[in-house]
Structures are given as structure tokens and as C-alpha cells.
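Working notes, beginning with the structure itself.
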Amino acid sequence: METIDWKNLSFGYIKTDYNVRSSFKDGKWSTPRETTSESIDIHMAATCLHYGQEAFEGLKAFKGKDGKVRIFRMRENALRMQASCRGILMEELPIEIFEESVLKAVKLNERFVPPYESGAALYIRPLLIGTSPQVGVKPASEYLFLVFVTPVGPYFKEGFKPTPLVILREFDRAAPHGTGTFKIGGNYAAGLVAGEKAHQMGYNAVLYLDPKEKKYIDEGGPANFFAIKNNTYVTPLSSSILPSITNMSLIQLAEDLGIRVERRPIPEEELATFEEAGICGTAAVISPTSYIDDVEENKSYVFSKDGKAGEISTRLYNKLRAIQYGDEPDAYGWVTVLE
Ligand code: PLP
Ligand code: COI
């Protein structure tokens, strides 16, 4: 195998040995099977290409000190993919097919799970697409599900160092009761222009406001938002954000650490009162926020001046990573150990 510099992996695609596929045809899902092909051959009128019938997931596998491979909260990703299917009328993928395919893809590519010491992980990308031809706007009758994996380092190159976010009021990633709660490609296409603009301006990501009133914090481009004040973990309640499994986990861990939790709308002005802030997700883990600029309103909210993450964010980060890598007991059954 070509040598991989595990400690300096970025969040990108590295070819692995196999991906695993199952297709839905004549009312049935096929048994998940591995292939070495990185290509798919689909009809040019497939609904995924024209009408965006596409959903994906993102989860990770970690190698522990004990050499065992642990997959984090696979069941939650399977359930969220089912929600995405209902959201854009795709055939609902059975949990068993999702889990069997993920396990198989990780097992077959076990040599690509980064070593414990590297702090890297194997990113698992399940994808579901409508494949049958349709020229009228209608759901497909046939679907392809596949799972590929690739070793990754941090999504933001700074890792667990605070970085700045920007509010760009001229952009929304989703409509108030649109598809923002589903993990579908269209939401990410909708965010590309804003994301690019943010990067050009020197920010790490966009922080979206709620699309209806432009008053409340929604989420970051690839991750949920959270903030800390008075020993309280505060995270937005909104009908246009993705229900993050990392955020759900941090909420539980915060409660376990004796930190209060509030899930509620967060008006932008409240940013001025937070002691810590960050965005969280599978790829980003926790990316602490140094400051947030609202450029049109000429406002700036600062959370970290010394280049360090806040105390509670650090405790949460350490706790989450310890469970993922198997350094601490998995009290909630979040982890599937690969056999
Ligand atoms: N929000 C968006 C828009 C995302 O793309 C992601 C990434 O999956 C998240 C939040 C975080 O979700 P999770 O923690 O389940 O990865
Ligand atoms: C994830 O965190 O898994 C994501 O999907 C974020 C981004 C790569 C889209």
C-alpha cells in the first residue's frame, strides 16, 4: 500500500479498497455487495441527476489503543437517512441494509482506519440516489445505496483551535419549512456561493441566520452551532437545521458533566453574552469559534482572544473523543466495536 501520512491527513478523498452497494428494484433491496469500482453507471435521466433525489450521511470509525475499531452512533445515521428519504420521497432504506453495508465497508477497508496515535479517523460516507429515468418531476422507482470510506484528518485544518465565522445576510441555506432538516445534496449546493465568499473574506465558515426573520442563529455551513454561558450549553432550536448527532451527543455529555442544557431560538444579539462558542459535527468534531462578524450590520462578537478553546468546550471535546477512541467507557451504547 502507498504510504499514508496519518498525522497530516486533510479532509479529502483517498482511494480505499472497496465500497459496498445495494440496489432497490422491483420492490426489493439487494444484499449489500462489495466492489472495487469507484464509478457508477446510471441512466442519464436518473432522478438524482435532474431532480436532486440524493441523500448522504457522514459517520466515523476510530481505532483505539487496544487496536479495536469503533463506529460512532451508526444507528442514528441510519435513522436520519430514513428521515431524508421521507423528506424527498425516496424509497426508505432499511436500517439493516444501512448497518450491514457500513460494517462491511469498514471491515473490508480496515487497513485504512488511521492508527490511534494519529488522532485521525476513517470517514464513512453512505449515499442514496434515485437511479431510474424520469422526465416528469416524480420520484424514481429504483435506487442505489452505496457506502465508501476514506481516511480523514480534521475538517478545518486548524482542528481544535478557534477560528472565525461570518454572518452573510444575503444568503440562506434552506427555507423555513424546506429541506434544511434533511441531509441532501441540494442544501450543500445552496450553500456553496456563501461558503466560497466566506473563505475569500478570511472566515472559516458561514453562520446562517434563520431564513424567516433573520433574527436567530441557525447553524454553520457544515455543522451545528452551540455556545456556553453561566455553566449552560445553549444550542438553536430551528425548523431549518440538520439534527446533528454530534450535537445530540454533546447535549448528553454536558448534562453528565453537570452543565445545564437549553435548546431554544438564539437571537443574534445574545451572541454578545456568550463566554464560549463553537460549531460541531462529525467532520468538524468541535471547531471552537474565535469571533463572529455580522458584516452588513457591522457587528462583531468575540469569544476567544488567546487562540485557545474555552474550558467547557475543551471538556466536552475531550469527553467525546475519549468515548469515540475507546479511552472511556461507552455508557450509552453509542459505539459499535467491529468484530
Ligand atoms: N449541520 C450540517 C449542515 C451538516 O452538514 C452536518 C454534518 O453532518 C452537521 C450539522 C453535523 O451533523 P452530525 O453531527 O450528525 O455530523
Ligand atoms: C459531516 O460532518 O459528516 C458532514 O457531512 C459535513 C460536510 C463534510 C458536509
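The values are calculated or read from the model by the stated rules, or taken from the named source; none is laboratory data. Given the structure is predicted, the values throughout are model-derived calculations rather than measurements. Cβ: placed from backbone, ideal geometry, glycine included. Neighbour counts: every protein chain shown. Keep in mind that these areas ignore ligands, DNA and RNA; they rest on the heavy atoms of the full protein, side chains included. Shrake-Rupley method; radii C 1.70, N 1.55, O 1.52, S 1.80 Å.
Numbers below:
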| quantity | calculated |
| --- | --- |
| Accessible area of Ser118 in the full protein assembly, 1.4 Å probe (Å², nearest 10) | 20 |
| Mean accessible surface per residue for region 163-324, computed with a 1.4 Å probe while every protein chain stays in place, in Å² | 40 |
| Charge dipole (the chain, unit charges on Cβ, about Cα centre) - positive-most of Ile14, His199, Ala174 | Ile14 |
| Gyration tensor over alpha-carbon atoms, region 211-265, equivalent ellipsoid semi-axes in Å | 21, 13, 8 |
| Heavy atoms of Tyr203: accessible area, 1.4 Å probe, square angstrom to 10 | 30 |
| Evaluated over region 163-324, the Cα radius of gyration and Dmax, each in Å | 14.6, 41 |
| Shape call, region 54-134: gyration tensor on alpha carbons, a/c limit 1.5 | prolate |
| Region 163-324, relative contact order in percent, only Cα pairs under 8 angstrom and at least six apart counted | 24 |
| Percent of Cα pairs exceeding the 20 Å cut-off, where the set is region 6-152 | 48 |
| Calculated over the chain: convex hull of Cα atoms, volume per residue (Å³) | 138 |
| Largest-first ordering by accessible area, 1.4 Å probe, given options Arg86, Arg169 | Arg86, Arg169 |
| Within the accessible area of the chain (1.4 Å probe), percent carbon and sulfur | 52 |
| Exceeding the 30 Å Cα-Cα cut-off - candidates Lys68/Lys161; Lys212/Lys308; Lys15/Lys212 | Lys212/Lys308; Lys15/Lys212 |
